[in-house]
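Below: the structure, in structure tokens.
Every number here is computed from the coordinates shown, using simple stated rules; none is lab data. Here the structure is a predicted model, which is why all the values come from computation and not from measurement. Cβ: placed from backbone, ideal geometry, glycine included. Neighbour counts: every protein chain shown.
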Amino acid sequence: MTVERSNRPAAPQATTLITVAPTGAELDKSAVPALPVTLEELVTTAKECREAGAAVIHVHIRDGSARPTLDLGRLSETVRALRESTDLIVQLSTGGAVTDPFERRLAVLDAAPDGCSLTCGTVNFGDDVFMNPWPFMCELYQRTKQVGVVPEFELFDMGHVAALHRLLDTYGPPFGGHVHCDLVMGVPGGMPGDAATLVQAVAALPEGATWSATGVGRTTLPVMFAALAAGGHLRVGMEDTVTFSRGRPVRGNAELVERAAELAGLAQRPAMTPAQARVMLGVPDQR
Ligand code: KMH
Ligand code: ZN
């Protein structure tokens with residue numbers, strides 16, 4: 001599907017926003033021992049990633065058995081702990097796991113994060129389906145505005161870009177006043193993780209929007225290089241890739257952030273601080 005180019009996203013910035021997505025909902029701790037699944041592991045990872053150049057943390061949490069959960073008590077405790085131990089912008093996932101019901105995903109906002117993810121459409125997700133029907137998107141978007149949480153629009157496919165335009169046309173700008181998107185590329189069932197697709201998606205974004213990109217699995221590096229070349233920001237982390245280089249597993253999230261910061265520095269757009277990211281994204285200071 002082709003989405004018409006209607007306008008221009010924001011001009012490239014002098015610095016690069018690095019978001020770390022350390023855990024995700026899909027991987028098993030038993031298969032990936034370096035995955036942070038306890039609150040203690042998550043806080044340690046967050047501190048290391050902040051040190052390495054991250055400004056935003058995209059958070060999925062696990063229960064006592066390391067299974068994905070949207071338990072509100074745990075989510076609230078996680079937001080508190082991350083705020084106490086770092087100045088990272090705390091973005092909770094409203095995507096959760098593919099099995100999470102819509103009501104639980106909406107209730108994530110009650111944990112009062114700085115930001116949340118908001119996926120702009122349903123997408124095949126490997127053998128599963130990640131459900132984001134239009135009424136759910138609308139409900140979630142309206143709630144972000146009511147409670148003052150800044151959404152990041154997750155775009156897995158070109159059709160999601162069109163749905164984002166529709167959402168903004170219908171309900172107006174987000175809380176914070178700024179549109180920031182994340183192109184999630186290379187998911188089996190979504191848009192491919194390559195430079196040509198990235199350029200096409202960026203050209204279709206709303207006027208003034210900023211954007212990050214993340215390439216899942218082996219598309220990590222091509223998407224990172226393409227995003228830097230096109231003036232975008234970066235999301236990295238073990239949610240998206242657990243292989244650092246051919247045959248070498250990721251040892252921890254911080255080395256993915258370090259690599260992203262190094263490449264951003266080489267591109268003459270070093271990593272931005274959380275304070276700079278708050279200004280760009282329209283996220284108010286920590287409450
Ligand atoms: N775990 C995926 C089904 C998000 O965080 O908002 C959804 C996901 C997107 O990770
Ligand atoms: Zn996620």
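Structure values in brief
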{"read-out": "So Ala209, is it touching a His at 6+ places or on another chain (Cβ under 9 Å), of a type in the set (Gly, Ala, Ser), surrounded by fewer than 23 Cβ atoms within 10 Å (Cβ to Cβ) and in contact (Cβ under 8 Å) with a residue 40 or more places away in the chain", "value": "yes"}
{"read-out": "Per-region count, region 101-125, residues within 17 Å of the chain's Cα centre (by Cα), over 23 Å from Pro284 (Cα atoms) and part of a loop (DSSP other than H, G, I, E, B)", "value": "3"}
{"read-out": "Filter result for Gly148 (farther than 19 Å from Leu39 by Cβ, small (Gly, Ala, Ser) and in contact with a Phe, Trp or Tyr (Cβ under 7 Å, 6 or more places away or on another chain))", "value": "yes"}
{"read-out": "Which numbered condition Tyr141 fails, given (1) of a type outside the set (A, V, I, L, M); (2) within 15 Å of ligand 2 (Cβ to nearest atom); (3) without any contact (Cβ under 8 Å) to a residue 60 or more places away in the chain; (4) buried (at least 19 other Cβ atoms within 10 Å of the Cβ)", "value": "(2)"}
{"read-out": "Met224 being touching a helix residue (DSSP H, G or I) at 6+ places or on another chain (Cβ under 8 Å), of a type in the set (A, V, I, L, M) and part of a loop (DSSP other than H, G, I, E, B)", "value": "no"}
{"read-out": "Residue count for region 163-188, restricted to those that are surrounded by 17 or more Cβ atoms within 10 Å (Cβ to Cβ) and within 26 Å of Gly217 (Cα to Cα)", "value": "10"}
{"read-out": "Within region 75-100, tally of residues that are away from ligand 2 (no atom under 13 Å from the Cβ) and in contact (Cβ under 8 Å) with a residue 24 or more places away in the chain", "value": "14"}
{"read-out": "Some residue of region 220-233 being closer than 16 Å to Ala52 by Cα and surrounded by 21 or more Cβ atoms within 10 Å (Cβ to Cβ)", "value": "yes"}
